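The values are calculated or read from the model by the stated rules, or taken from the named source; none is laboratory data. All values derive from a computational prediction rather than experimental measurement. Backbone-built Cβ (ideal geometry, glycine too); neighbour counts: all protein chains shown.
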Amino acid sequence: MFLAALTFFTAFAVSGSPAPANGAPFEESFSYADWNAVLEAHVDERGTVDYAALARAPQSLDRFIASVERPKSDPGRFPSANDRLAYYLNAYNAWVFRGVLARGPEKESVWKGGLVSGYSFFVGMDIVVGGEKTNLKRLEDKTIRALFADPRIHAALNCASRGCPRLPRKAFEPATLDAELDAAMREFVSEERNVKADSAAHRVTLSKIFDWFDGDFLAFEKKQGNADPNLLDYVNRYRAAGAAVPRVWAVRFADYDKRLNGR
């Protein structure tokens, strides 16, 4: 279902943006104004969301979702990999908001429904991105992870749960995306809930995200020339000076906090 979109964006990731047909000017860059309005109005500095208030005034979210749903007929709107990645990150996070509202808004956890696995939310909920019907899991796995191979996205995607990385109060922007993703990952690995070092036991407890997506982190390390990487090699890339965790320490994974990140 998403093969056409994957082929389309893979081609542009490799070759870049072509000249517009017939000399026509490119469309204006994709706007995140409505998504910024949502984040500024309903997300606090801790990253928690006032979903009830958003449900009462969803107009900005509705407009942004509508813009995400429209087919992207002119690839000139997404001339770089950062343009495309920012678009997908913001689209994912916005659709998560829409999904929470569609459930009531949800007050406990998006991981409920049938098995306590999140299936109904992340797989069973249809979403539309760029004119293509998909779901949150497919968008994350088959587009964002597959096309960009950048583990920093795991500090940027927010699944409406307290175990997720903190949701920022502004949209990801193409021009500053690398700095934003670096900052997001530095923040993520600096929080004790995600990287808890026990020097007495020579043990570290990591966020479950590092367990679920260990292949992404290890593949990145291998691309950097690390022939025998472990998760702590990646974590230490973003830890503050003097806070590196010895790579020989035992690694455990924390239980994922699936409670809603609402207030």
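Side notes on the structure shown:
- The one condition in (1) without any contact (Cβ under 8 Å) to a residue 40 or more places away in the chain; (2) assigned to a loop (DSSP other than H, G, I, E, B) that residue 108 fails to fulfil: (1)
- For segment 71-88, taking the residues that are among the polar types (S, T, N, Q) and surrounded by fewer than 17 Cβ atoms within 10 Å (Cβ to Cβ), the one that is modelled with the highest pLDDT is identified as 80.
- Candidate set: segment 160-180, residues that are in contact (Cβ under 8 Å) with a residue 60 or more places away in the chain and out of contact with any helix residue (DSSP H, G or I) (no Cβ under 9 Å at 6 or more places or on another chain); chosen: the one nearest to residue 254 (Cα to Cα): 162
- Looking across segment 205-217 at every residue that is of a type outside the set (Phe, Trp, Tyr) and touching a Leu at 6+ places or on another chain (Cβ under 7 Å), the one that is surrounded by the most Cβ atoms within 10 Å (Cβ to Cβ) is identified as 206.
- Selection count, segment 131-152, where residues are among the hydroxyl-bearing types (Ser, Thr, Tyr) and farther than 22 Å from residue 65 by Cβ: 0
- All positions within segment 98-124 that are over 30 Å from residue 235 (Cα atoms), of a type in the set (A, V, I, L, M, F, W, C) and crowded, with 20+ Cβ neighbours inside 10 Å: 100
- Any hit, segment 181-195, residues being farther than 30 Å from residue 83 by Cα and in contact (Cβ under 8 Å) with a residue 24 or more places away in the chain: yes
- A count restricted to segment 125-135 and to residues that are assigned to a loop (DSSP other than H, G, I, E, B), on the phi < 0 side of the Ramachandran plot and not polar (S, T, N, Q) stands at 2.
Residues are listed down the side, and each one gets a yes or a no for (1) among the charged types (D, E, K, R); (2) surrounded by fewer than 15 Cβ atoms within 10 Å (Cβ to Cβ); (3) at pLDDT 90 or above:
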residue: 38; (1), (2), (3): no, no, yes
residue: 52; (1), (2), (3): no, yes, yes
residue: 69; (1), (2), (3): yes, no, yes
residue: 90; (1), (2), (3): no, no, yes
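- The lone exception for residue 131 - which of (1) among the small types (Gly, Ala, Ser); (2) modelled with pLDDT of 95 or more; (3) more than 19 Å from residue 238 (Cβ to Cβ) it fails: (2)
- Filtered residue count, segment 205-253, keeping only those that are more than 18 Å from the chain's Cα centre (by Cα), in a loop (DSSP other than H, G, I, E, B) and among the polar types (S, T, N, Q): 3
- Enumeration of residues in segment 223-251 that are exposed (fewer than 13 other Cβ atoms within 10 Å of the Cβ) and among the basic types (Lys, Arg): 223
- Matching residues in segment 136-163 - criterion: being assigned to a loop (DSSP other than H, G, I, E, B) and either small (Gly, Ala, Ser) or surrounded by fewer than 20 Cβ atoms within 10 Å (Cβ to Cβ) (or both): 149, 150, 156, 160, 162, 163
- Segment 23-36, residues that are modelled with pLDDT under 95 and assigned to a loop (DSSP other than H, G, I, E, B): 24, 25, 26, 27, 28, 29, 30, 31
- Residue that is farthest from residue 146 (Cα to Cα) [pool: residues in segment 196-222 that are free of Cβ contacts under 8 Å to residues at least 24 places away in the same chain and not small (Gly, Ala, Ser)]: 198
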